[in-house]
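> Let me give you the structure first, and then I'll get to my questions.
The values are calculated or read from the model by the stated rules, or taken from the named source; none is laboratory data. Keep in mind that this is a model prediction, so the values were computed, not measured. Cβ sites come from the backbone with ideal geometry, for glycine too, and all protein chains shown count toward neighbours.
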Amino acid sequence: MTNHWSTAPRGEVIRLEHHSRLLERNPLGDAATRELAAYLPPGHDLEPTRRYPVIWVLAGYTGTGGMLENQGAWSPPLSRRMDQLIAAGCPPVILALPDCFTRLGGSQYLDSSATGPYRSYLLEELVPLVDARFPTLPHRDHRGVMGKSSGGYGALCLGLEAADTFGAVACHSGDMYFEPCYGVDFPRVARAIPREEELLPWLERLERQEKREWTDLSVLNILCMAACYSPSESRPPPLALDLPFELHTCEIRPQVFARWLARDPVRMLEDPACQEALRSLHLLYVDCGLRDEFHLQFGARILARRLRELGLPHQHEEFDDGHRSLNYRYDRSLPLLARALSPAGSA
């Protein structure tokens, strides 16, 4: 079968296997040897002195960077999508696709004593690795970050807190405004796991199952978020986390949930340092579907309203869709990022 994207000149996808010092002995026992996929644009080998901007693409919950290279029936892998965009006039860029997966399904691209130092891994090991290995423009003005869902959350938080590394951000359907985003799943966890001593047996049963239902992943997602946002100093691995609600009654634990809210982008934006970080960006792009199943459109609207009130440049868009199968939205964000990060666009 000939696909509509197959006529564009092809770039090159390189997969690097590397060992992370930072991920050694992580509390979940996850592998410290990881694969990083990198896309180099068509013709890069014909111009050996040319250097390119880099866009870091962060996968969503339960995803890895390598999965973005999967080809669907009507959806090309990310590399072919980028080929087509470049053929249509988008400035050429390098794409970096990291693997920050964990036993709990993800890391939110944060450092946590319950999951591991995944933000430090990205900033301190992977960014220098890509700049050393590939023909990049190794400066924040030419380095962007984007993602969808948990990847969108990670990208936005890196814009808020690591603008010295990333000069442009695109957040697709990112986790924010945590009350409706996560709160709908709190009762599901309480029904599935009646007592805290059953948390680990539940996880171990799930890991033995051949098939995981969406309700199982809803529960696992909340355990993962608790490990990322409210790691416990007293509970042992692999579930060294404090839940933000009582399992028996589902009542909110205010002190624990406050730790979650401190990591909510709509609250983080109130920090003057975060405001100045966003002001320094060459691009801040945020979008969300009108029918998002996790109600993330409301958080995006709150964020956009506050950005307007603060006079912070941004682009906010909505579209008629839900949360899943949204890779086509990259056709919107990738050219925006590429132009913002190109030498002419960021001058």
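> Cβ-Cβ distance below 6 Å, separation of 6 or more or different chains: which pairs start in region 42-59 with a residue that is without any contact (Cβ under 8 Å) to a residue 24 or more places away in the chain and end on one that is assigned to a strand (DSSP E or B)?
Here the result reads none, with nothing in region 42-59 linked to a residue that is assigned to a strand (DSSP E or B).
> Let me ask another. Of everything in region 72-83 that's part of a helix (DSSP H, G or I) and of a type in the set (A, V, I, L, M), which residue is farthest from the chain's Cα centre (by Cα)?
Taking the candidates together, the pick is M82.
> Return yes or no: is A37 within 25 Å of L122 (Cβ to Cβ), crowded, with 22+ Cβ neighbours inside 10 Å and modelled with pLDDT of 95 or more?
Spelling it out, A37 is indeed within 25 Å of L122 (Cβ to Cβ), crowded, with 22+ Cβ neighbours inside 10 Å and modelled with pLDDT of 95 or more.
> Any idea which of A155, A170 is under 16 Å from L95 (Cβ atoms) and either touching a Pro at 6+ places or on another chain (Cβ under 8 Å) or assigned to a strand (DSSP E or B) (or both)? Spell out how you get there, then give the answer.
Working: A155 fails: either touching a Pro at 6+ places or on another chain (Cβ under 8 Å) or assigned to a strand (DSSP E or B) (or both).
Just a single option satisfies the conditions, and that option is A170.
> Additional query: Checking the conditions here, which among L137, L160, L199 is more than 20 Å from L68 (Cβ to Cβ), modelled with pLDDT of 95 or more, aliphatic (A, V, I, L, M) and outside the structural domain of T49 (by TED's automatic domain parsing)?
Answer to the check: L199.
> A further question on this structure: Check L220 against each of (1) in a helix (DSSP H, G or I); (2) without any contact (Cβ under 8 Å) to a residue 12 or more places away in the chain and name the one condition it does not meet.
If we test L220 against (1) in a helix (DSSP H, G or I); (2) without any contact (Cβ under 8 Å) to a residue 12 or more places away in the chain, just (2) comes out false.
> So which residues in region 101-125 are in a loop (DSSP other than H, G, I, E, B) and touching a Leu at 6+ places or on another chain (Cβ under 7 Å), if there are any at all?
Of all residues in region 101-125, those in a loop (DSSP other than H, G, I, E, B) come to 101-110, 113-115.
Correct list: T102, R103, L104, G105, Y109, A114, T115.
> Residues that are farther than 26 Å from Y182 by Cβ and touching a helix residue (DSSP H, G or I) at 6+ places or on another chain (Cβ under 6 Å): which helices (runs of 4 or more DSSP H) entirely in region 250-347 hold 2 or more of them?
The qualifying helices (runs of 4 or more DSSP H) are 330-341.
> Quickly run through region 86-100 and pick out the residues that are surrounded by fewer than 24 Cβ atoms within 10 Å (Cβ to Cβ) and in a loop (DSSP other than H, G, I, E, B).
A88, G89, C90, P91, P92, D99 - these are the residues of region 86-100 that are surrounded by fewer than 24 Cβ atoms within 10 Å (Cβ to Cβ) and in a loop (DSSP other than H, G, I, E, B).
> Of Y121, Y153, Y229, which residue is buried (at least 18 other Cβ atoms within 10 Å of the Cβ) and not assigned by TED's automatic domain parsing to the domain that holds G29? Reasoning before the result, please.
Values: Y121 fails: not assigned by TED's automatic domain parsing to the domain that holds G29; Y153 fails: not assigned by TED's automatic domain parsing to the domain that holds G29.
Only one candidate passes the filter, namely Y229.
> Okay, next question. I'd like the full set of residues that are within 18 Å of A273 (Cβ to Cβ) and without any contact (Cβ under 8 Å) to a residue 60 or more places away in the chain, limited to region 134-161.
Within region 134-161, R140, L158 meet the criteria.
> Run P265 past the list (1) under 18 Å from the mean Cα position of the chain (by Cα); (2) buried (at least 19 other Cβ atoms within 10 Å of the Cβ); (3) within 30 Å of P41 (Cβ to Cβ); (4) not hydrophobic (A, V, I, L, M, F, W, C) and report the number of the one that doesn't hold.
Every condition holds for P265 apart from (3).
> Same structure again: Would you pick out the residues in region 185-210 that are within 17 Å of Y61 (Cα to Cα) and either in contact with a Phe, Trp or Tyr (Cβ under 9 Å, 6 or more places away or on another chain) or of a type outside the set (A, V, I, L, M, F, W, C) (or both)?
D185, E207
Yes/no matrix, rows are residues, columns are (1) of a type in the set (F, W, Y); (2) touching a Pro at 6+ places or on another chain (Cβ under 8 Å); (3) in the same structural domain as V184 (by TED's automatic domain parsing):
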| site | (1), (2), (3) |
| --- | --- |
| P237 | no, yes, yes |
| C250 | no, yes, yes |
| L284 | no, yes, no |
| H295 | no, yes, no |
| A304 | no, no, no |
| E318 | no, no, no |
| S325 | no, no, no |
| Y328 | yes, no, no |
| L334 | no, no, no |
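> Separate question: May I ask you to list the residues in region 176-217 that are among the hydroxyl-bearing types (S, T, Y) and in contact (Cβ under 8 Å) with a residue 40 or more places away in the chain?
Of everything in region 176-217, those that are among the hydroxyl-bearing types (S, T, Y) and in contact (Cβ under 8 Å) with a residue 40 or more places away in the chain turn out to be Y177, Y182.
> Which of the residues spanning region 173-183 are surrounded by 20 or more Cβ atoms within 10 Å (Cβ to Cβ) and part of a helix (DSSP H, G or I)?
Step one: filter region 173-183 for residues surrounded by 20 or more Cβ atoms within 10 Å (Cβ to Cβ), giving 173-178, 181-182.
Result: F178, C181, Y182.
> Please work out which residue is nearest to G322 (Cα to Cα), limiting yourself to region 259-292 and to residues that are in contact (Cβ under 8 Å) with a residue 12 or more places away in the chain and among the basic types (K, R).
R291
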